[in-house]
Amino acid sequence: MSEESMYHIILLPQDNYWAWVEAVRDYAVHFQVGVTPDPQNAVETQQPGQVITVLNPSDGYPAVGDIVRWLGEQAPNATLDVVEAGSPEEARVIMSQRVADGQRFASAASVADDPPTDSAPSVVEGVSSEFTLRWPTDYPTITQGFGLNPRIYRRWGLPGHDGIDIYAPRNANVYACADGEIYRVHDGTGEHPYGIHVRIAHIDGYRTIYGHLNRALVHSGQRVKAGDLIGLADATGNSAGHQLHLTLKRKGATAAGQTTYPSDIIDPTPFLAPLEEVPVPADDSWVHGRALVGLHGRVDGPMQEADWEIVEQARIEALKLTSSALAEDVTRAREINPGMFVLVRLSADFRNRKVGAAEFARWVEPDLIRFKALGVRYFEIHDEPNLTPEGMGTSWRSGYEFGEWFVQVCDLLKAKNPEVKLGWPGLAPGPSTSGMRADDA
């Protein structure tokens, strides 16, 4: 296969992924090659006949086992370029030598010599290995990588996702990835899939696009430096949640056959400098005036697998759990949606006994601390206090008395946990029912 017309992708181990990206960065940039940590993505992108350079440390792909055998079974028509590197440091040496030798593969025999019928120019002139991208947000989580979900994006004539999505809460800062000039600020009209977005032209024909913004803070013709604030994040356009969509283009890349994407789109991942300081995102993804699609978790124990299927299918943005939930429930929720708003209800058994504010606070504080350690900051105090099984008539006799009890509980819990946010419980709706419920009004 001629280098002019092949599709080439690098498969990297998911563990310590950014160290592997850094190790192959100069090679990927020099030869304009995309990277992925997902074996299935390497298999599905531009099959059949793609070339997959696979970095193959021992136990590098635990989900599939022997990665070379697995790729041979899953992509029998692909050409494999196997790099036996036990660590990112070893990979850096091997791939740097290839760049120095001007050799894309270890030997000419690494690539089959049966080129397709069509061809294209061999290189894009002036590739600069010095061009890098600053991380564009304050959040390190990629929610959708480049080239993923080809079945979804094929309907728009794309081999897969045309950029990377990075988690960013509403109104989070968005920064320019490199020095350049703003050449377009789009207001999101016309149902543009990127919504409100900013486009910047850089050296050597590179261009970046920043999509799904709430607001652009720059104007066309403005010069910016890497790290300059250019907008605030949101979910405008075709977005499943709060995130920044980043696309990288390079003039001439499509015509040169160095990308199978239209409009000169290339993978930004090898160019990105990873975010070194990884902040722990506060559980602040709910903003007043912004509606979230939410779900009430199970009231009788941990979430079940059928529940998670609904969370994924409905693209849930907010999840209410009870104190009987597990730590794994919070982790799973944020694996599905890194921006998931999680609230936990703190409750106790009120049946046939009076529960004072101090006693309740003492009972629930271990659960509050447990979930707080997982990043949860929002807690609901008790549930349906107008029902007799939940304290009406024993622990309080009116809404006024419950209000006093509620304030005391909040004061006790906030004394040791000042950063948490405590909320009023829901009420059982409807008029009074003899012996069971006080009127919710």
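The values are calculated or read from the model by the stated rules, or taken from the named source; none is laboratory data. Everything numeric here is computed off the predicted structure, so don't read it as measured data. Because the Cβ atoms are built from the backbone with ideal geometry, glycine has one as well, and the counts that use them run over all protein chains shown. Accessible surface is based on the protein model in full, side chains and every heavy atom, while ligands, DNA and RNA are left aside. Shrake-Rupley method; radii C 1.70, N 1.55, O 1.52, S 1.80 Å.
Scan the range 44-73 for residues that are open to solvent by 50 Å² or more (accessible area, probe 1.4 Å) and closer than 17 Å to Y7 by Cα and jot them down. Those that are open to solvent by 50 Å² or more (accessible area, probe 1.4 Å) and closer than 17 Å to Y7 by Cα: Q46, Q47, P48. Scanning the range 188-200 for residues that are closer than 13 Å to I230 by Cβ and of a type outside the set (D, E, K, R) returns I196, H197, V198, I200. Tally time: how many residues in the range 366-392 are under 24 Å from P338 (Cβ atoms), among the β-branched types (V, I, T) and touching a strand residue (DSSP E or B) at 6+ places or on another chain (Cβ under 6 Å)? Count: 1. For the range 314-327, indicate whether the set of residues that are open to solvent by less than 10 Å² (accessible area, probe 1.4 Å), more than 20 Å from S239 (Cα to Cα), over 26 Å from the mean Cα position of the chain (by Cα) and at pLDDT 90 or above is non-empty. Checked against the condition, which is being open to solvent by less than 10 Å² (accessible area, probe 1.4 Å), more than 20 Å from S239 (Cα to Cα), over 26 Å from the mean Cα position of the chain (by Cα) and at pLDDT 90 or above, the range 314-327 yields no hits at all. Answer yes if at least one residue in the range 158-176 is more than 26 Å from A273 (Cβ to Cβ), buried (at least 16 other Cβ atoms within 10 Å of the Cβ) and modelled with pLDDT of 90 or more, and no otherwise. For the range 158-176, residues more than 26 Å from A273 (Cβ to Cβ), buried (at least 16 other Cβ atoms within 10 Å of the Cβ) and modelled with pLDDT of 90 or more: absent. Within the range 309-335, the set of residues being closer than 18 Å to G423 by Cβ and acidic (D, E) comprises E317 only. Sort out which residues of the range 268-293 are surrounded by fewer than 16 Cβ atoms within 10 Å (Cβ to Cβ) and modelled with pLDDT of 80 or more, and write them in order of number. Across the range 268-293, the qualifying residues are A273, V293. Being part of a helix (DSSP H, G or I) and either surrounded by 15 or more Cβ atoms within 10 Å (Cβ to Cβ) or of a type in the set (S, T, N, Q) (or both) is the filter here, so list the residues in the range 74-101 that pass it. Across the range 74-101, the qualifying residues are Q74, P88, E90, A91, R92, I94, M95, S96, Q97, R98, V99.
The set of residues in the range 407-441 that are open to solvent by less than 70 Å² (accessible area, probe 1.4 Å) and free of Cβ contacts under 8 Å to residues at least 40 places away in the same chain comprises C410, G430, T433. Taking each residue of the range 181-200 that is open to solvent by 80 Å² or more (accessible area, probe 1.4 Å) and looking for partners that are of a type in the set (V, I, T) with beta-carbon atoms closer than 7 Å, six or more apart or interchain, yields D187/I196.
Count of the range 48-68 residues, restricted to those that are out of contact with any Phe, Trp or Tyr (no Cβ under 7 Å at 6 or more places or on another chain), within 22 Å of P270 (Cα to Cα) and not β-branched (V, I, T), is 4. Filtering the range 370-391 to residues that are basic (K, R) and open to solvent by 50 Å² or more (accessible area, probe 1.4 Å) leaves R370, R377.
Tell me, please, whether a residue that is small (G, A, S), more than 22 Å from T259 (Cα to Cα), in contact with a helix residue (DSSP H, G or I) (Cβ under 8 Å, 6 or more places away or on another chain) and at pLDDT 90 or above can be found in the range 63-80. For the range 63-80, residues small (G, A, S), more than 22 Å from T259 (Cα to Cα), in contact with a helix residue (DSSP H, G or I) (Cβ under 8 Å, 6 or more places away or on another chain) and at pLDDT 90 or above: absent.
In the range 195-234, of all residues being polar (S, T, N, Q) and part of a strand (DSSP E or B), the one that is nearest to A318 (Cα to Cα) corresponds to N214. Screening D204 with (1) out of contact with any Phe, Trp or Tyr (no Cβ under 9 Å at 6 or more places or on another chain); (2) open to solvent by less than 70 Å² (accessible area, probe 1.4 Å); (3) at pLDDT below 95 gives one miss only, at (1). Between G241, G257, G237, the distinction of being in contact with a Gly (Cβ under 8 Å, 6 or more places away or on another chain), open to solvent by less than 30 Å² (accessible area, probe 1.4 Å) and outside any strand (DSSP E or B) belongs to G241 only.
Scanning the range 142-180 for residues that are without any contact (Cβ under 8 Å) to a residue 60 or more places away in the chain and either among the acidic types (D, E) or part of a loop (DSSP other than H, G, I, E, B) (or both) returns N149, H161, A176, A178, D179. When the helices (runs of 4 or more DSSP H) confined to the range 324-441 are screened for residues that are out of contact with any helix residue (DSSP H, G or I) (no Cβ under 9 Å at 6 or more places or on another chain) and under 20 Å from D300 (Cβ atoms), those reaching at least 3 such residues are found at 357-372.
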